[in-house]
Amino acid sequence: MPHQPNPVFASLPTTIFTHMSALAVVHGAINLGQGFPDEDGPLSIREVAARALENGPNQYPPLRGLPQLRKAICAHASRFYDLDFDPDRNVVVTSGGTEALTASIMALAAPSGEVVLIEPAYDSYGPIAEAVGARVRTVKLSPPDWRLNAEALAAAITPDTRVLMLNSPLNPIGRAFTREELEGVARVLGRSNAVAVCDEVYEHLIFDGREHIPLITLHGMAERVVRVGSAGKMFSLTGWKIGWVTGPPALIDVVAKAHQFMTFTSSPALQLGIAHALEHEMDFTLNLTSRLQANRDLLAERLPKIGFEVLPCEGSYFLTAGIRGLTNENDCAFCERLVREAGVALIPLSVFFSRGTPDHLVRFAFCKKRELLETALQRLEAYFAQRNRT
Ligand code: PMP
Ligand code: GLN
């Protein structure tokens, strides 16, 4: 009998982000698909890392991360959310938010247990939960307001639920859940056997004066939540893949054991760079938010004139828009055509849903220089003006 690989991964396509980025290169398109900034974060961060590459340390850092970085992560949590974390007990440094999520799901879900996803959901959660052997259940949010309803969540939670995945601000729809919505989550979680893995990689990228509220800060949640962060998103260094998980020792100890066999550790030079960043370059992150907000506003003003139906965006790198005013195609066909014919790469939203999905929405990444967004808008304006004439 031929070898049978793990069907979870064997049946998966390559991620949509890689697919659309490759098409963007082939067709010379502007890439508003995969979410990465086109300007690197502060030079001082890169200089600290470069010096460390030259002078060391260059051998294995500790399993949970360099003490300087763990201390800086705890100081950040204290400064922004008044959380009291101990660098030796409450933190594991990981290779990006992606590894932080994978280690958390592997550690906290289990075969025979269930994992609840709120859809649209980031694409890594489901496959990793399934690879662990867990059953995936979903709660679907609906446009245009995408509100998270506590009753709908309660209906998806069973005595077997081990993990709830909660992403806020939420990729792809840019929802930042309100205190009221989060209190609903805390009530439901408090009555369950589950813990929450909170994907907060966009914690600072939140607009219009909104406050990011980590679920872990809510009453009764300190022992039930792990929080995932990403330096890539905070400091526009997405290729560095430095992330972390923070939370109560009972959960973090197990996450550290999953991490020890996934990567064990991450580059010490990059860890030192990010320790410096958290201590000295938070102003970059706070200013990035206002630049991103202006980019969001530019798209929100111009896209409707082309025929897109723009939905609200409260945070993250991403704006979503309806395409029914422009086409009867589904979102995937539309994106495939646009990258080839209009020279702009986008992401179809249906890839963030399991089934019964809306197929009329697309995602624009606006973590780009304003000039590039202007050029992308001009390409779209010209393309659809031409089509309307023919
Ligand atoms: N979670 C979400 C919601 C994301 O959008 C991303 C990637 N952009 C990640 C996790 C992964 O973060 P990282 O790049 O640090 O691995
Ligand atoms: N998180 C990024 C996005 O949503 C993609 C990261 C990746 O390609 N793995 O665009």
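So the values come out like this:
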quantity: Condition met for Cys313 (surrounded by 24 or more Cβ atoms within 10 Å (Cβ to Cβ) and within 16 Å of ligand 1 (Cβ to nearest atom)); calculated: yes
quantity: Complete set of residues in segment 11-28 that are more than 15 Å from ligand 2 (Cβ to nearest atom) and modelled with pLDDT of 95 or more; calculated: Val26, His27, Gly28
quantity: Pairs where the first residue, in segment 162-181, is over 19 Å from Arg137 (Cα atoms) and the second is more than 15 Å from ligand 1 (Cβ to nearest atom) and of a type outside the set (A, V, I, L, M, F, W, C), C-beta under 6 Å, 6+ apart; calculated: Ala176/Arg210
quantity: Helices (runs of 4 or more DSSP H) wholly inside segment 62-163 containing at least 2 residues that are surrounded by fewer than 16 Cβ atoms within 10 Å (Cβ to Cβ); calculated: 67-81, 150-156
quantity: Members of segment 206-230 found to be in a strand (DSSP E or B) and away from ligand 2 (no atom under 16 Å from the Cβ), listed by number; calculated: Ile206, Val225, Val226, Arg227
quantity: Top-ranked residue in segment 340-351 [being surrounded by fewer than 23 Cβ atoms within 10 Å (Cβ to Cβ) and part of a helix (DSSP H, G or I); ranked as farthest from ligand 1 (Cβ to nearest atom)]; calculated: Glu341
quantity: Tally, over segment 249-281, of residues that are touching a Lys or Arg at 6+ places or on another chain (Cβ under 8 Å) and surrounded by fewer than 19 Cβ atoms within 10 Å (Cβ to Cβ); calculated: 1
quantity: Set Phe384, Phe364: member being assigned to a helix (DSSP H, G or I) and surrounded by 17 or more Cβ atoms within 10 Å (Cβ to Cβ); calculated: Phe384
quantity: When residues of segment 8-43 are limited to those that are in a loop (DSSP other than H, G, I, E, B) and polar (S, T, N, Q), the one farthest from ligand 1 (Cβ to nearest atom); calculated: Ser11
quantity: Any hit, segment 217-228, residues being farther than 30 Å from Arg187 by Cβ and at pLDDT 95 or above; calculated: no
quantity: Residue pairs meeting the criteria (Cβ under 8 Å; at least 6 apart or on separate chains; first without any contact (Cβ under 8 Å) to a residue 40 or more places away in the chain, in segment 187-202; second within 16 Å of ligand 2 (Cβ to nearest atom) and assigned to a loop (DSSP other than H, G, I, E, B)); calculated: Cys198/Ser168; Glu200/Ser168
quantity: Members of segment 89-116 found to be over 15 Å from Arg227 (Cβ atoms), in contact with a helix residue (DSSP H, G or I) (Cβ under 6 Å, 6 or more places away or on another chain) and away from ligand 1 (no atom under 12 Å from the Cβ), listed by number; calculated: Met106, Ala109, Val115, Val116
quantity: In segment 167-184, residue farthest from the chain's Cα centre (by Cα) [restricted to those that are within 12 Å of ligand 1 (Cβ to nearest atom) and either more than 12 Å from Gly315 (Cα to Cα) or hydrophobic (A, V, I, L, M, F, W, C) (or both)]; calculated: Ile173
quantity: Qualifying residue in segment 231-254 (condition: part of a strand (DSSP E or B), at pLDDT 95 or above and within 16 Å of ligand 2 (Cβ to nearest atom)); calculated: yes
quantity: Filter result for Leu215 (among the hydrophobic types (A, V, I, L, M, F, W, C) and under 19 Å from Tyr81 (Cβ atoms)); calculated: yes
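The values are calculated or read from the model by the stated rules, or taken from the named source; none is laboratory data. These numbers come from a predicted model, not from an experiment. Neighbour counts run over all protein chains shown; Cβ positions are idealised from the backbone, glycine included.
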